[in-house]
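Here is the structure we will look at, set down as structure tokens.
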Amino acid sequence: MSSKRLTFSIPTTAGDGNDELKILLHQATTEDGNQGENETNTGFVMWPAAVMLSHHLSRNPHILRGDGTPEGDIMELGAGCGLVGLTAAALLQNEDPDNDDKVIFTDYNPAVLQNLKTNILLNEFNVEHEVFGLDWFDQQPDGDEAESVQKKENTWVDMEGKSHGQCRLILGADLLACSNDADLVACTIDSTLMEGGNAFILGPSADARFGVSDFPDSCRSLGLKVIVDENILEAKENAGGSDSSYQQLMSELELSGHNQRASTFGSDFTMFTITKPITSSC
């Protein structure tokens, strides 16, 4: 297995507004010539949606601080190389150093999980963190879990069958690719997200990926509230296509292979902002 090293620059709102964080990534690559097209290999690829979501977090740090949400931890679903989770950890440390929230990185492929641990070591931050294997199928409420999995109420279960408390914030980039992903991801968010918490899921538009158009209804069927924002890259261009932050974003997207993948996966993105209503009695 070969690899390459990538460096991403994430702007921050701290200081004079010109600060930026450097996120280092070791991108492991498989011997598969169709890397990224095989569902078992997607975690080895740096997807442009992760860059887009990381920049969105950097311009909206209140998302990470959890203003107006319950206390709890932050989880990245389908973390892959871990750019979104690493950005969240770096921003928390940079802009809210007294915050003691944990950042949890999750994925399915054991080799991807090992690479995640490598990338955490590459980046110096003091935020508490953990890496877990998480299978979306194990989070389903219809009994599809393995017999060894005993899922408790208001918990999610890792690939070793251990239950964990829900998180206040779920982040995910490019999670929807297959037709059944809409239900799988929606149920996983419902399982991992605490009441009053939020999830931000970003990926290619519906015309580029299966599952995207069905995802809002899958979430709503579980009682989750969803806001859909389409063509967010175009909106950023219209809002300030000549400023330095936009130019930096475009440079980082190019580094992630956005231009080369645009013909296959589309050139713009859709953001899903999901809230889990509070229904429990006091």
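The values are calculated or read from the model by the stated rules, or taken from the named source; none is laboratory data. Model, not experiment: these values are computed from the prediction. Counting neighbours? That spans all protein chains shown, and the Cβs are built from the backbone with ideal geometry, glycine included. Quick note on the areas: whole protein, heavy atoms, side chains included, nothing else; ligands and nucleic acids left out. Shrake-Rupley method; radii C 1.70, N 1.55, O 1.52, S 1.80 Å.
Residues being open to solvent by 50 Å² or more (accessible area, probe 1.4 Å) and of a type in the set (D, E, K, R): count how many of those fall in the stretch 56-94. Walk me through how you get there before you give the answer.
Step one: filter the stretch 56-94 for residues open to solvent by 50 Å² or more (accessible area, probe 1.4 Å), giving 59, 62, 65, 67-68, 71, 93-94.
Now drop any that are not of a type in the set (D, E, K, R), which leaves 59, 65, 67, 71.
Number of matching residues: 4.
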Worksheet entry | Count - residues of the stretch 173-197 that are in contact with a strand residue (DSSP E or B) (Cβ under 8 Å, 6 or more places away or on another chain) and of a type outside the set (Gly, Ala, Ser) | 9
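Filter the stretch 198-215 down to residues that are in a loop (DSSP other than H, G, I, E, B) and in contact with a strand residue (DSSP E or B) (Cβ under 8 Å, 6 or more places away or on another chain) and give me whichever is surrounded by the most Cβ atoms within 10 Å (Cβ to Cβ).
Looking at residues that are in a loop (DSSP other than H, G, I, E, B) and in contact with a strand residue (DSSP E or B) (Cβ under 8 Å, 6 or more places away or on another chain), I get 212.
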Discussion item. Just checking, does the stretch 153-172 include any residue being out of contact with any Leu (no Cβ under 6 Å at 6 or more places or on another chain), modelled with pLDDT under 90 and not acidic (Asp, Glu)?
Written reply: yes
Worksheet item: In the stretch 129-151, is there at least one residue being modelled with pLDDT under 95, among the β-branched types (Val, Ile, Thr) and more than 30 Å from residue 21 (Cα to Cα)?
Response: yes
Worksheet item: How many residues are part of a strand (DSSP E or B) and closer than 18 Å to residue 25 by Cβ if we restrict to the stretch 105-133?
Response: 5
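Looking only at residues that are polar (S, T, N, Q) and part of a helix (DSSP H, G or I) in the stretch 71-104, which one is modelled with the highest pLDDT? Break it down stepwise before answering.
Narrowing the stretch 71-104 to residues polar (S, T, N, Q): 87, 93-94, 99.
Checking which are part of a helix (DSSP H, G or I) leaves us with 87, 93-94.
Numbers: 87: 95, 93: 88, 94: 85.
The extreme case among them is 87.
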Worksheet item: In the stretch 50-70, how many residues are assigned to a loop (DSSP other than H, G, I, E, B) and either touching a Gly at 6+ places or on another chain (Cβ under 7 Å) or more than 20 Å from residue 192 (Cα to Cα) (or both)?
Response: 4
Practice prompt. Starting from the stretch 59-74, keep only residues that are within 16 Å of residue 127 (Cα to Cα), then list their pairs with residues that are surrounded by 13 or more Cβ atoms within 10 Å (Cβ to Cβ) and among the hydroxyl-bearing types (Ser, Thr, Tyr) whose Cβ atoms are within a distance under 8 Å, requiring at least 6 positions of separation or different chains.
Written response: 61/12; 61/13
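This table checks each residue for (1) over 23 Å from residue 133 (Cα atoms); (2) not in a strand (DSSP E or B).
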position	(1), (2)
156	no, no
160	no, yes
169	no, no
176	no, yes
179	no, yes
186	no, yes
196	yes, no
217	yes, yes
222	yes, yes
Discussion item. Against the conditions (1) closer than 21 Å to residue 9 by Cβ; (2) free of Cβ contacts under 8 Å to residues at least 12 places away in the same chain, where does residue 83 fall short? Just the number, please.
Written reply: (2)
Fill in: Filtered residue count, the stretch 216-233, keeping only those that are within 21 Å of the chain's Cα centre (by Cα) and open to solvent by 50 Å² or more (accessible area, probe 1.4 Å)
9
